[in-house]
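Enquirer: Mind looking over this structure? Questions follow.
The values are calculated or read from the model by the stated rules, or taken from the named source; none is laboratory data. This one's a predicted model, so the numbers in the text were calculated from it and none came from an experiment. Note that each Cβ is placed from the backbone with ideal geometry, even for glycine, and that neighbours are counted across all protein chains shown. Just so you know, the surface numbers come from the protein's heavy atoms only, side chains and all, with ligands and any DNA or RNA stripped out. Shrake-Rupley method; radii C 1.70, N 1.55, O 1.52, S 1.80 Å.
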Amino acid sequence: MSDTAALATPAPPNRAARIFSGIQPSGGLTLGNYLGALKRFVQKQDEGIQTIYCLVDMHAITVWQDPQKLRHATREAAAGFIASGIDPTKSILFNQSQVSAHVELGWIFNCVARMGWMSRMTQFKDKAGKNSENVSLGLFAYPALMAADILAYRATHVPVGEDQKQHLELCRDIAAKFNNDFGVDFFPIVEPIIEGAATRVMSLRDGTSKMSKSDPSDQSRINLTDDADMISKKIRKAKTDTEPLPETLSGLKNRPEARNLVNIYAALADMTPQGVIDLYSGSLFGQFKPALADLAVAKLAPISKEMQRLMKDPAEIDRILEKGAQEANAIARPVVDQVYDIIGMIRG
Ligand code: AQP
């Protein structure tokens, strides 16, 4: 397969397709990270497109992280990537703080992005809540660093969950403004890849809020480290209603918890949500939940087991990340050096 054949929007004619995406090691990876991001990352890698994946530890520290826990979460996330199917000989896998091009370009983009753009970011508003005077400046600037993560590789496509759509629009605005301000055609206008039945996996306790690593309730999410018993228990206890599953998808309107479980089933089984409805229409959750629990255990328990095995050798994980950082640096360094040249910085 050619390197652009699988992408709905091909790379611009003068640029080969290149995928970049990242995940914050701000806690353990969740089913949301897996279905919205990691599963897609593996598919893109296996389609033969150049894939670069990053544990964005600089993003994680936009909220305070315990240093010991951050180190552990970074290695555990690397183990999660590998256990999910990322092959460090096919994809570049590294952590952000080992490649200084990210923060260098991030600062330059802080000077390109406009305050008005940043203040419209809904994720900042959600995360800052009523506390916006007291959150870090880094949390506000986060999307400019995310644009730098992507554009340091001049990536053309970015697989993400639905919640990152607005940040990717901002990345496009930053690239376009940089190109326009300096009269160059240097940065590509990236295309988000938001695909599949579970682009927004919701909390198991509240179908209107996103499943998130930092949700205080562990019952709200499935962690990739959960064992078979725990996965099964959490699904059986997930909040639902008392109605049977409907005959059509429209029957799930105003039933956010039911819709969420159907989407999770569909994404895990590589089916459409309508396909799940066709199979289970008329079933009560007493029947559907055990089927979903079995499916989730079959798909996720092997990942959790493999993560445990990988975590027994942290030095090997560090070695993989170090090799990935060297490969990433070999791409990003010349890009950032060209940016310095474009903007008029004297370099020795
Ligand atoms: N619930 C989700 N459903 C689908 N996709 C999701 N992603 C995250 N949660 C879901 C996708 O995973 C990738 C990495 O996201 P991230 O961890 O870097 O940041 P986040 O989106 O802020 O995720 P969390 O779990 O909510 O982290 P915390 O709690 O630390 O803020 C992205 O592609 C994201 O879309």
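Enquirer: Here are the criteria: (1) open to solvent by less than 50 Å² (accessible area, probe 1.4 Å); (2) within 17 Å of Val335 (Cβ to Cβ); (3) of a type outside the set (Ser, Thr, Tyr). Tell me which single one Gln98 does not satisfy.
Expert: Of (1) open to solvent by less than 50 Å² (accessible area, probe 1.4 Å); (2) within 17 Å of Val335 (Cβ to Cβ); (3) of a type outside the set (Ser, Thr, Tyr), only one is false for Gln98: (1).
Enquirer: Please go through the range 199-256 and pick out each residue that is aliphatic (A, V, I, L, M) and out of contact with any Phe, Trp or Tyr (no Cβ under 8 Å at 6 or more places or on another chain).
Expert: Val201, Met202, Leu204, Met211, Ile222, Ala228, Met230, Ile231, Ile235, Ala238, Leu249, Leu252
Enquirer: State which residue is farthest from the ligand (Cβ to nearest atom) when the search covers only the range 128-140 and only residues that are of a type outside the set (A, V, I, L, M, F, W, C) and free of Cβ contacts under 8 Å to residues at least 40 places away in the same chain.
Expert: Of the residues in the range 128-140, the ones of a type outside the set (A, V, I, L, M, F, W, C) are 129-134, 136, 138.
Checking the rest, the ones that are also free of Cβ contacts under 8 Å to residues at least 40 places away in the same chain come to 129-134.
Values: Gly129: 13, Lys130: 17, Asn131: 15, Ser132: 16, Glu133: 20, Asn134: 17 Å.
Here the answer is Glu133.
Enquirer: Given the structure, is Val56 touching an Asp or Glu at 6+ places or on another chain (Cβ under 9 Å) and of a type in the set (Val, Ile, Thr)? Please lay out each step first, then the result.
Expert: Details: touching an Asp or Glu at 6+ places or on another chain (Cβ under 9 Å): yes; of a type in the set (Val, Ile, Thr): yes.
In short, yes.
Residue-by-condition table, conditions (1) at pLDDT 95 or above; (2) outside any helix (DSSP H, G or I); (3) more than 14 Å from the ligand (Cβ to nearest atom):
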residue	(1), (2), (3)
Leu105	yes, no, yes
Asp126	no, no, no
Asp149	yes, no, no
Leu168	yes, no, no
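Enquirer: What number of residues in the range 269-297 are of a type in the set (A, V, I, L, M) and within 19 Å of Gly32 (Cβ to Cβ)? Before the answer, list the steps.
Expert: Within the range 269-297, the subset of a type in the set (A, V, I, L, M) is 269, 271, 276-277, 279, 284, 291-293, 295-297.
Now restrict to residues that are within 19 Å of Gly32 (Cβ to Cβ): 269, 271, 276, 292-293, 295-297.
Total satisfying the criteria: 8.
Enquirer: Given the conditions (1) at pLDDT 95 or above; (2) open to solvent by 30 Å² or more (accessible area, probe 1.4 Å); (3) not charged (D, E, K, R), which single one is not true for Ser132?
Expert: (1)
Enquirer: Restrict the check to the range 177-194 and report whether at least one residue is within 16 Å of the ligand (Cβ to nearest atom), open to solvent by 40 Å² or more (accessible area, probe 1.4 Å), touching a Gly at 6+ places or on another chain (Cβ under 9 Å) and outside the structural domain of Arg120 (by TED's automatic domain parsing). Working first, answer last.
Expert: Filtering the range 177-194 down to residues within 16 Å of the ligand (Cβ to nearest atom) leaves 190-194.
Applying the additional criterion that residues be open to solvent by 40 Å² or more (accessible area, probe 1.4 Å) yields 191-192, 194.
Filter again for touching a Gly at 6+ places or on another chain (Cβ under 9 Å), leaving 194.
In the following step, the residues that additionally are outside the structural domain of Arg120 (by TED's automatic domain parsing) were identified as none.
No; the residues of the range 177-194 include none that is within 16 Å of the ligand (Cβ to nearest atom), open to solvent by 40 Å² or more (accessible area, probe 1.4 Å), touching a Gly at 6+ places or on another chain (Cβ under 9 Å) and outside the structural domain of Arg120 (by TED's automatic domain parsing).
Enquirer: Given the structure, is Asp149 closer than 18 Å to Ala101 by Cα and of a type in the set (Asp, Glu)? Walk me through it before giving the result.
Expert: Working: closer than 18 Å to Ala101 by Cα: yes; of a type in the set (Asp, Glu): yes.
Criteria met by Asp149.
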